[in-house]
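Inspection log for the structure reproduced underneath, given as structure tokens.
The values are calculated or read from the model by the stated rules, or taken from the named source; none is laboratory data. Quick caveat: nothing in here was measured; it's all calculated off a predicted structure. A quick note on method: Cβ atoms are made from the backbone with ideal geometry, for glycine too, and the neighbour counts reach across all protein chains shown. Ligands, DNA and RNA are excluded from the accessible area calculation, which covers all protein heavy atoms including side chains. Shrake-Rupley method; radii C 1.70, N 1.55, O 1.52, S 1.80 Å.
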Amino acid sequence: MSVSPLRLSFSRVRILVAAIALTGTLFVGGCPVGPIPPLGPLLNPATGLWSVARSAVLPKQFSGVIPGLGSDVDVVYDRRGVPHITAASLEDLTRALGYVVARDRLFQLEVQSRAPEGRLTELLGPAVLELDRQQRAIGLPWGAERDEAALDPRSESSRVVRAYAEGVNAWIDGMGTGDLPFEYHLLGVKPRRWEPIHTALVGKRMGYVLAYDPQELWRGKVERLVGKAASDWLFPVNSPIEEPIRPNGSNRTRFEFTPPPDPIEPQTPVARGADEGLWYKAAADPSRHDGALGSNNWAVAGTRSATGFPLLSGDPHLDLTLPSIWYEVHLIVPGDIDVYGVTIPGLPAVIIGFNRNVAWSFTNTGADVLDFYRETLDDEAAPEHYELDGEWKALEQRIETYYAPDGDAIATDTIRFTHRGPVRATSDGPLSMRWTILEEGFSMGPFIGAARSSTVSEWLEAMASYPGPAQNGIVADRAGNIALRSTGLYPIRPDDGDGMKIRDGSSSTNDWQGYWPLSEYPFARNPRQEFLASANQQPIDPHGAYRYLGAHWENPWRAMRINRLLRGDTLVTADAMRRYQTDPGNEKAELFVPAFVEAARGHDRLTEAAGLLEAWDRRYTKDNDRAVLFEAAFRELIDRTWDELIGPGTDRRIRTPGEAVLAGLLRYPESVWWDDLRTADVTETRDDILRESLSVAFGRTKRAYGDPDGGGWRWSELRHANVFHLLGLRALSALDLEVQGGPGNLNPSSGSGRHGASWRMVVELGPEVRARTIYPGGQSGNPASKWYVDRIDQWVRGELDAVLFPTVPAQLPETDIAGRLTLQGEHR
């Protein structure tokens with residue numbers, strides 16, 4: 001006997017109610033925000049959680065109303081839950097996009113806009129107050145308001161943003177009780193209307209995630225601890241391992257290790273100022289992610305592919321959430337746009353994707369686009385003016401009030417701004433912050449232009465005005481061209497200097513002198529090597545660079561690995577591109593395992609441990625049972641080596657040097673950096689630290705997981721991906737997922753498992769464009785929907801799903817169509 005989809009949905013809701021009751025605590029971003037509210041209202045069969053089952057099933061034929069539509073819009077949902085939207089104009093297309101995104105992801109839209117606005121307390125109460133204060137302290141709402149005020153209302157970008165808001169609000173206005181996402185039932189709140197400024201806020205949030213690093217603040221503390229020369233060596237402008245994004249003509253990775261300066265005797269440390277912590281942000285040290293918060297992309301010319309057609313892979317690594325950060329769509333305006341890919345809910349455009357002629361993807365550049373200035377204020381306790389060029393200038397002042405869900409005020413802050421940005425008291429005195437993310441609008445124009453492009457040249461022209469966060473945009477077209485450009489606004493500092501020091505804010509001569517001209521952006525097109533790749537590594541070989549772009553670059557292991565794979569394959573296939581995305585090889589292990597093994601030679605107590613590492617193939621497969629030992633030894637090595645960087649009065653390092661710096665230190669076995677200051681009567685060398693790290697790691701691993709061959713060391717038993725629901729509800733999350741990969745792999749995994757490959761895509765640009773994609777989750781944010789977690793299993797296995805990219809969606813076979821939606825104007 002068959003069971004109806006509706007009955008299945010109600011069954012899911014029964015499980016959901018029980019699971020919520022057992023969860024006990026809500027989380028946002030891994031932080032507990034309070035107990036689950038009383039469940040009584042959720043159990044009301046008419047208006048409570050049970051009603052979500054009705055919206056979990058997509059009708060075969062339905063309609064909706066969007067006031068302002070110029071003509072009807074047709075939406076065909078395919079069997080994967082992807083809406084194919086066909087409209088007569090770009091504005092109508094975007095209205096429909098806002099409508100369907102709101103239908104599937106309304107609560108996510110709410111969180112996406114409230115987080116950067118610093119208004120999560122209105123949903124979740126005082127437990128998230130510090131998160132809200134942080135977002136307002138760094139100026140995200142202020143910057144979004146400036147963007148909105150500066151946007152020409154006649155521009156296409158402005159019209160699109162307004163149209164998107166109209167579509168979201170049309171869904172909100174027309175939805176019934178059963179359409180309300182369960183999170184609203186759970187929290188006892190109602191959705192707010194979507195305003196155009198919310199799109200700007202989502203853009204600011206991406207800038208915060210990808211381009212916020214207050215390095216001057218932590219660099220100053222490191223310098224006071226070990227000296228400037230040592231600090232510059234530990235956190236260098238140029239990576240000591242070079243595999244640049246822009247090919248340098250070499251066919252191999254270049255190692256440029258230099259002798260490390262000795263640390264100075266620590267100077268008297270200065271404690272962090274009370275307000276300074278809001279600028280640091282809780283996750284200040286990127287080592288917390290084990291390199292999982294990065295991205296990969298690469299393109300192969302047709303001359304290097306098995307079919308003769310160009311291939312492109314997109315593989316951004318971000319936070320893993322349910323629902324996913326991405327929403328998959330196909331957007332059509334006949335004769336104008338026919339684009340497929342993913343949008344971020346809240347942004348009215350395809351961000352990563354392809355059309356009939358061009359495919360593209362992005363990785364984060366990691367450029368230094370933020371500077372601090374020491375300001376002179378008329379009154380440090382309650383300032384009203386700051387000094388600039390001998391004159392007192394008025395500070396802009398904002399009174400920021402934070403509200404609880406019941407509307408009561410729970411806190412108030414006063415935030416002040418110079419012409420550069422927000423000002424705060426710090427241990428270095430009053431500082432203002434200038435940041436490209438706050439002063440240049442996140443426009444939809446470049447992405448709309450990308451959707452319309454038909455060649456690499458047109459795509460590059462469309463993206464030329466993209467302001468940030470700076471991205472390495474890779475692109476390929478059907479004519480066989482491939483290109484990669486690191487696009488965004490890069491400040492020109494006075495005297496063409498770097499961005500690693502706090503400047504004097506009393507003189508405008510210390511302000512930025514403008515931005516790099518487009519002609520100087522890191523760029524490559526159709527290189528001799530017939531492929532291009534980026535993995536957040538330093539974009540330009542320092543031998544050919546003449547401007548400061550950034551410092552303390554991402555670990556080079558992923559870049560080294562993908563370049564090794566592409567150099568070794570002269571007939572690349574689409575399936576090989578897919579396999580590369582989860583390739584288990586690890587360049588970090590290739591470099592460090594021999595160091596551990598060699599140091600252990602002749603030491604009987606380490607014979608077994610060294611033998612286990614030496615026999616390991618250094619591949620992070622699910623069933624390997626040696627990576628656990630290497631990772632334990634490597635973590636121990638980091639802790640024992642960088643003890644000099646532990647902050648005064650704490651047991652935590654101020655900052656952890658990159659792993660490429662540690663690799664360079666291996667070349668200097670007698671360096672004083674190897675000496676562990678916590679062992680007063682011993683002066684350790686490199687091999688002493690390697691041996692002790694391996695010994696301690698082996699003992700701990702055996703105690704924790706048993707005998708090496710007993711099955712307890714299996715990688716998939718110990719390292720997992722965890723895709724949490726937005727509120728951290730474990731029962732609605734996909735947890736303990738066994739994935740191939742590890743720290744430094746092309747498919748990295750963080751220690752918490754909360755970060756990783758958020759979207760994978762391979763596109764072949766032949767006579768007929770073929771694409772395969774996957775992301776961890778599903779199209780719907782409704783846990784009762786069959787499209788909530790339907791893609792998880794394929795994602796775990798490293799598989800991709802063939803997308804449906806019809807020229808006329810309405811003519812898809814009925815077996816491929818899940819539902820049809822007709823959207824009409826108000827008076828039709």
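Using Cα pairs closer than 8 Å and at least 6 residues apart in sequence, work out the relative contact order for the range 404-555, in percent.
So the answer I get is 15 percent.
May I ask you to list the GluC sites (Glu not before Pro) in the range 723-786 that are in a DSSP loop and have at most 11 other Cβ atoms within 10 Å of their Cβ?
Sparse-neighbourhood loop GluC sites (Glu not before Pro): Glu768.
How far is the Cα center of the range 474-547 from the Cα center of the range 611-667, in Å?
31 Å
For a quick check of your reading of the filter: which trypsin sites (Lys or Arg not before Pro) in the range 434-539 sit in a DSSP loop and have no more than 13 other Cβ atoms within 10 Å?
Sites meeting the loop and neighbour criteria: Arg528.
State, to one decimal in nm, how far the label point of Glu265 lies from the label point of Lys190, with both points 7 Å from Cα in the Cβ direction.
My value for the distance between the label points is 6.9 nm.
Leaving out ligands and nucleic acids, note down the accessible area per residue over the chain with a 1.4 angstrom probe, in whole Å².
In whole numbers, the chain has 37 Å² accessible per residue.
Taking all protein chains as present, what is the carbon and sulfur share of the accessible area of the range 682-828, in % to the nearest whole number, probe 1.4 Å?
Reported share for carbon and sulfur atoms: 44 percent.
Pairing the Cα long axis of helix 587-600 with the longest principal axis of the chain, what angle in degrees results, from 0 to 90 and rounded to the nearest 10?
Taking Cα atoms only, the helix is inclined about 30 degrees.
For a quick check of understanding: with a 1.4 angstrom probe and all protein chains in place, what accessible area in square angstrom does Thr455 have, to the nearest ten?
So the heavy atoms of Thr455 present about 50 Å² to solvent.
Taking every eigenvalue of the Cα gyration tensor of the range 441-596, multiplying by 5 and rooting it, what semi-axes result, largest first, whole Å?
Its equivalent ellipsoid spans semi-axes of 31, 25, 13 Å.
Which of the aspartates and glutamates could be linked to Lys786 by a straight reach, that is with a Cα gap under 15 Å, when you skip same-chain ones fewer than 8 residues away?
Straight-line reach from Lys786, under 15 Å: Asp78, Asp104.
Show me 91-97, 593-599 ranked by packing, highest mean number of other Cβ atoms within 10 Å first.
91-97, 593-599
With a bin width of 5 angstrom, please list the P(r) values of the range 721-828 as percents of all Cα-Cα pairs, from the 0 bin to the one holding the largest distance.
Spelled out bin by bin, the range 721-828 gives 2, 9, 16, 18, 17, 13, 10, 8, 4, 1, 1, 0 percent.
Could you check the spin-label model distance between Arg797 and Ser507? Points 7 Å from the Cα along Cα→Cβ, value in nm.
Going by the 7 Å Cα→Cβ label model, 6.5 nm.
How high is the relative contact order of the range 380-460, given as a whole-number percent (alpha carbon pairs under 8 Å, six or more residues apart)?
This gives 15 percent for the range 380-460.
Of Lys228/Lys501; Lys60/Lys190; Lys204/Lys393, which ones are farther than 20 Å apart at the Cα?
Exceeds cut-off: Lys60/Lys190; Lys204/Lys393.
Relative contact order of the chain, please, whole-number percent, based on alpha carbon pairs below 8 angstrom and at least 6 residues apart.
20 percent
Shape verdict for the chain, please, from the Cα gyration tensor: rounded (a/c under 1.5), prolate (a/b greater than b/c) or oblate.
Judged from the Cα gyration tensor, the chain comes out rounded (a/c under 1.5).
Using only Cα atoms, locate the centre of the range 686-762 and the centre of the range 77-147, then give the distance between them in Å, rounded to an integer.
32 Å
Which FRET efficiency value, to the nearest 0.05, is calculated for Thr455 and Asn251 with the Förster distance at 45 angstrom and r the Cβ-Cβ distance?
0.95
Report in % the part of the accessible area of the range 48-125 that belongs to carbon and sulfur, leaving out ligands and nucleic acids; probe 1.4 Å.
It is 50 percent, rounded to a whole number.
Quote the FRET efficiency, to the nearest 0.05, computed for Arg579 versus Asp413 with a Förster distance R0 of 51 Å and r equal to the Cβ-Cβ distance.
E(calc), rounded to 0.05, equals 0.50.
Enter the angle in degrees (range 0 to 90, nearest 10) between the Cα long axis of helix 140-150 and the first principal axis of the Cα atoms of the chain, meaning the one along which they spread out most.
Approximately 60 degrees, to the nearest ten.
If I stretch the segment between Asp651 and Asp232 completely, what's the gain in nm (0.36 nm per residue apart, minus their alpha carbon distance), one decimal?
148.6 nm
Sorting check: for 534-541, 106-113, which peptide has the highest mean count of neighbouring beta carbons within 10 Å, and how do the rest follow?
Sorting 534-541, 106-113 by mean packing, highest first, produces 534-541, 106-113.
Note down the nm distance, to one decimal, between modelled labels 7 Å out along Cα→Cβ at Trp516 and at Ser71.
The modelled label-to-label distance comes out at 4.4 nm.
Compute the angle between helix 156-174 and the longest alpha-carbon principal axis of the chain, please, reported from 0 to 90 degrees and rounded to the nearest 10.
60 degrees
Show me 550-562, 647-659, 72-84 ranked by packing, highest mean number of other Cβ atoms within 10 Å first.
Per-residue mean Cβ counts within 10 Å order the peptides as 550-562, 72-84, 647-659.
Please go through the range 347-411 and write out the GluC sites (Glu not before Pro) that DSSP classes as loop and that have at most 14 other C-beta atoms within 10 Å.
Answer in residue order: Glu380, Glu384.
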